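J.: Have a look at this one before I ask anything.
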Amino acid sequence: MKATSLVFALLFTLPCPLLAQQPEPTPTPAPVPTPAEPLDVERLKKIASVATWSKATQAYEAGMKSYDQAKGVDAIAKFTEALTHIDKYTDARMARGRTHFEMKNFEPALEDFTRVIAERPDDADGYFLRGRTLWNLKRPEEALRDFDTAIMKDLRTYHYHEARAMLLESMKRQEQALADYDMMVALRPLHPSNLDRRAKLLRELGKKEEADEDERLAEQIREAGF
């Protein structure tokens with residue numbers, strides 16, 4: 001009995017591994033939030049630019065459609081809309097200037113063509129169209145300078161020479177106009193009307209034999225079926 005009591009006493013005295021205090025579980029750390037991806041500003045700018053150009057192009061194309069249908073007021077409104085999206089949309093400005101010109105709105109046409117020249121100084125058409133506008137505004141000397149510039153930039157464009165010849169004639173500068181008629185004949189030698197026009201000018205200058213020769217050649221060309 002004493003031995004049994006001793007065993008029980010030892011059992012209660014020695015620590016029991018099953019009853020020992022268990023360590024507290026380690027808490028699971030909270031997930032670290034992923035930092036937000038920084039905004040790609042340049043990409044956003046490109047997307048905005050593409051969207052803006054898309055709107056401008058749609059307005060421009062609608063304006064050209066109205067222009068082809070001779071709806072000048074609508075065309076100008078659409079070209080203006082395109083320019084509100086892209087201020088340096090030079091094709092739209094050129095088209096608006098042409099439309100203003102054909103509607104005899106010469107002052108706004110002049111503004112548009114002047115801006116076109118500033119944006120595209122190598123574009124001969126800009127100078128030519130501004131020259132025509134200045135001529136209609138009774139500013140022949142300025143118009144002549146623009147025609148000179150257009151021809152200097154594009155020597156072989158027929159209607160540039162034709163316009164300058166007509167302007168020079170209106171300014172009583174027949175000798176200078178003759179050089180343009182010579183170029184017109186050179187550019188379109190099989191057009192008898194060019195020879196007729198030059199013959200008329202030659203007669204005004206007292207060059208009868210040369211005028212007769214031009215008229216003879218013009219008749220031959222017509223007889224040949226041209």
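J.: In segment 95-112, what residues are open to solvent by 20 Å² or more (accessible area, probe 1.4 Å) and not charged (D, E, K, R)?
T.: Within segment 95-112, HIS100, PHE101, MET103, ASN105, PHE106, PRO108, LEU110 qualify.
J.: Could you tell me how many of the residues in segment 65-89 are within 16 Å of HIS100 (Cβ to Cβ) and either in a helix (DSSP H, G or I) or of a type in the set (A, V, I, L, M) (or both)?
T.: 15
J.: Now for a separate question. Taking the condition closer than 19 Å to HIS100 by Cβ and assigned to a helix (DSSP H, G or I), does ARG130 pass?
T.: yes
J.: For segment 171-197, give me each residue that is in a helix (DSSP H, G or I) and either under 34 Å from the mean Cα position of the chain (by Cα) or of a type in the set (A, V, I, L, M, F, W, C) (or both).
T.: ALA177, LEU178, ALA179, ASP180, TYR181, MET183, MET184, VAL185, ALA186, LEU187, LEU195
J.: Read through the list (1) of a type in the set (D, E, K, R); (2) surrounded by fewer than 14 Cβ atoms within 10 Å (Cβ to Cβ); (3) in contact with a helix residue (DSSP H, G or I) (Cβ under 8 Å, 6 or more places away or on another chain), then give the number of the only condition that ASP125 fails.
T.: For ASP125, the exception is condition (2).
J.: Give the residues of segment 171-182 that are open to solvent by 50 Å² or more (accessible area, probe 1.4 Å) and either modelled with pLDDT under 95 or of a type in the set (A, V, I, L, M, F, W, C) (or both), sorted by residue number. Quick ask: steps written out before the conclusion?
T.: Taking segment 171-182 and keeping what is open to solvent by 50 Å² or more (accessible area, probe 1.4 Å), we get 172-173, 175-176, 179, 182.
Passing the criteria: only ALA179.
To keep it simple, each residue is scored yes or no on (1) without any contact (Cβ under 8 Å) to a residue 24 or more places away in the chain; (2) more than 16 Å from LEU167 (Cβ to Cβ).
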| residue | (1), (2) |
| --- | --- |
| ILE86 | no, yes |
| ALA118 | yes, yes |
| ARG130 | yes, no |
| LEU134 | no, no |
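J.: Please give the number of the condition LEU155 fails out of (1) under 28 Å from PRO121 (Cα atoms); (2) in a helix (DSSP H, G or I); (3) not basic (Lys, Arg).
T.: (2)
J.: Next up: Can you tell me which of LYS207, LYS153 is within 19 Å of GLY131 (Cα to Cα) and either among the hydroxyl-bearing types (Ser, Thr, Tyr) or surrounded by fewer than 18 Cβ atoms within 10 Å (Cβ to Cβ) (or both)? So that I can check it myself, show each step before the final result.
T.: On the way: LYS207 fails: within 19 Å of GLY131 (Cα to Cα).
Exactly one residue qualifies, and that residue is LYS153.
The values are calculated or read from the model by the stated rules, or taken from the named source; none is laboratory data. The structure displayed is predicted, hence computed values, not measured ones. When we count neighbours, we look across all protein chains shown, and the Cβ atoms used for this are built from the backbone with ideal geometry, even at glycine. With ligands, DNA and RNA removed, areas are computed over all heavy atoms of the protein, side chains included. Shrake-Rupley method; radii C 1.70, N 1.55, O 1.52, S 1.80 Å.
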